[in-house]
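S.K.: Here's a structure for you.
The values are calculated or read from the model by the stated rules, or taken from the named source; none is laboratory data. Just so you know, these numbers come straight off a predicted model, no measurement behind them. We place every Cβ from the backbone using ideal geometry, glycine too, and count neighbours over all the protein chains shown. Just the protein is used for accessible areas: all its heavy atoms, side chains included, with ligands, DNA and RNA removed. Shrake-Rupley method; radii C 1.70, N 1.55, O 1.52, S 1.80 Å.
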Amino acid sequence: GDAISAWDGDSYETYTYASENDFNGSASQLSGYAIYPQGEHPGYEGTGLPIVNMSASYNYGSTNAIMLAKVQGNSNNLSFSHLGGLMRFVIKNIPSNATSFTFTANSGITGNFQVKEENGANVIKATTVSNSNNTVTITFEAGSLTNGTFYIPLPTGTYTGFTIAIGNQQYGSSATNTIKRRSLLLMPTFTCDGTKLVKGDNSVALENTTTEQNMNISGDEDLVIETPSGDDANATLNLNYTPETNSTLNISDGQTGSPTESEAKVVINVENDNKVSKLNIDAPTLTVELASGEYGTVTAKTATNTLIIKEGVKIDKLIVVGGSVQVEDENSITSKTELRVLTFEDADAKFSPYTLDYAGVDI
């Protein structure tokens with residue numbers, strides 16, 4: 001069902017997916033640019049770069065990030081790159097009579113966009129559009145979804161506030177979110193409670209993709225990160241964290257039993273000058289990188305491929321419960337404790353369980 005629009009010198013022709021990355025259509029020599037996905041793209045207006053159309057409505061499961069390819073010489077081999085990004089919403093407990101999900105932004109996100117070059121890459125920007133509207137609708141059959149995952153294709157830019165709605169239930173936010181080129185912004189999970197959408201469920205599922213994934217959080221947060229399945233699962237999440245005074249951030253990986261390490265990585269970027277009072281990491285399947293910020297106590301249990309502490313990060317007290325640690329500047333850590341595990345078998349051994357209070361570890 002996938003298709004691209006390719007310029008043949010006079011207008012766009014549609015080429016549909018066949019197999020093995022081949023697209024079939026009326027085979028004329030291509031020129032100019034091709035656009036994925038296929039759509040009502042209007043052409044050019046003398047800038048040398050095309051105008052692309054961002055749709056206002058989609059069927060569930062068909063929302064794809066818009067991409068552009070330049071025809072090189074006489075070749076019909078096209079290499080596509082992203083023009084914008086995506087927001088992802090997970091909605092639970094969808095009512096059986098609901099038939100659509102809508103996302104409304106504070107600026108134009110659909111209609112025709114002039115492609116522009118920025119920092120060596122082609123992009124479309126929400127702030128440059130005059131003939132667009134601000135709502136995207138994704139439709140589905142009544143009763144077909146109990147839980148749904150909705151992707152909203154967006155131009156690059158900073159969006160302050162949005163409203164989402166499913167059926168007659170909605171949620172409004174005043175938060176500021178930035179969409180970067182070729183990035184996926186993971187939004188909080190929402191649940192339908194019968195009258196409104198409620199932000200809840202502290203879990204976030206990572207996509208098995210090399211596309212940059214981002215999430216914005218603030219204040220006290222208890223975040224469960226679900227890692228992709230599969231031996232070669234690969235994902236990186238940029239966790240943009242704005243702590244308040246004496247904030248505590250808890251991160252776990254949501255796996256039980258005997259967890260399997262993944263290639264997933266979480267990068268924590270502290271967005272202001274507030275110290276993170278406590279950071280507790282209980283994620284034996286993840287690699288965690290502290291990219292910036294100042295921390296009071298960090299207690300970490302990570303995958304064997306480690307907790308990475310970048311230069312410039314400052315930690316008063318580091319307690320390593322599991323995994324290894326890479327520190328770019330040892331002087332940035334005031335106090336460091338590594339717990340060792342002794343495992344033994346002795347049928348006659350008897351003692352009462354106790355807790356190492358300074359590490360939060362049960363013995």
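S.K.: Select from the range 159-171 the residues that are in contact with a strand residue (DSSP E or B) (Cβ under 7 Å, 6 or more places away or on another chain) and either open to solvent by 20 Å² or more (accessible area, probe 1.4 Å) or of a type in the set (Gly, Ala, Ser) (or both) and list them in ascending order.
M.R.: Selection gives 160, 161, 163, 165, 170, 171.
S.K.: Quick check: anything in the range 85-94 without any contact (Cβ under 8 Å) to a residue 12 or more places away in the chain, part of a loop (DSSP other than H, G, I, E, B) and at negative phi?
M.R.: no
S.K.: So, in the range 212-234, of the ones that are assigned to a loop (DSSP other than H, G, I, E, B) and at pLDDT 85 or above, which residue ends up surrounded by the fewest Cβ atoms within 10 Å (Cβ to Cβ)?
M.R.: That would be 219.
S.K.: Could you list, in sequence order, all residues of the range 175-187 that are part of a loop (DSSP other than H, G, I, E, B) and either without any contact (Cβ under 8 Å) to a residue 12 or more places away in the chain or open to solvent by 70 Å² or more (accessible area, probe 1.4 Å) (or both)?
M.R.: 180, 182
S.K.: Scan the range 141-158 for residues that are surrounded by 13 or more Cβ atoms within 10 Å (Cβ to Cβ) and in a loop (DSSP other than H, G, I, E, B) and jot them down.
M.R.: Listed by number, the residues that qualify are 142, 145, 155.
S.K.: So, of the residues in the range 249-268 that are open to solvent by 40 Å² or more (accessible area, probe 1.4 Å) and outside any loop (DSSP other than H, G, I, E, B), which turns out to be modelled with the highest pLDDT?
M.R.: 250
S.K.: Determine whether residue 92 is among the basic types (Lys, Arg), in contact with a Ser or Thr (Cβ under 7 Å, 6 or more places away or on another chain) and surrounded by 14 or more Cβ atoms within 10 Å (Cβ to Cβ).
M.R.: Criteria met by residue 92.
S.K.: Please list, ordered by first then second residue, the pairs with beta carbon atoms under 7 Å, 6 or more apart or interchain, first in the range 101-113 and at pLDDT below 90 and open to solvent by 30 Å² or more (accessible area, probe 1.4 Å), second in a strand (DSSP E or B) and β-branched (Val, Ile, Thr).
M.R.: Sorted first by the residue in the range 101-113, then by its partner, the pairs are 106/160.
S.K.: Follow-up question, since we're still on this one. Within the range 325-339, is there a residue that is in contact (Cβ under 8 Å) with a residue 40 or more places away in the chain and open to solvent by less than 100 Å² (accessible area, probe 1.4 Å)?
M.R.: Scanning the range 325-339, I find no residue that is in contact (Cβ under 8 Å) with a residue 40 or more places away in the chain and open to solvent by less than 100 Å² (accessible area, probe 1.4 Å), so the answer is no.
S.K.: From the list 112, 77, 122, exactly one residue is outside any strand (DSSP E or B) and either farther than 27 Å from residue 149 by Cβ or touching a Pro at 6+ places or on another chain (Cβ under 8 Å) (or both). Which is it?
M.R.: The unique qualifying residue is 77.
S.K.: Still on this structure, I have one more. Mind listing whichever residues of the range 55-82 are modelled with pLDDT of 90 or more, open to solvent by 80 Å² or more (accessible area, probe 1.4 Å) and within 22 Å of residue 13 (Cβ to Cβ)?
M.R.: Selection gives 70, 79.
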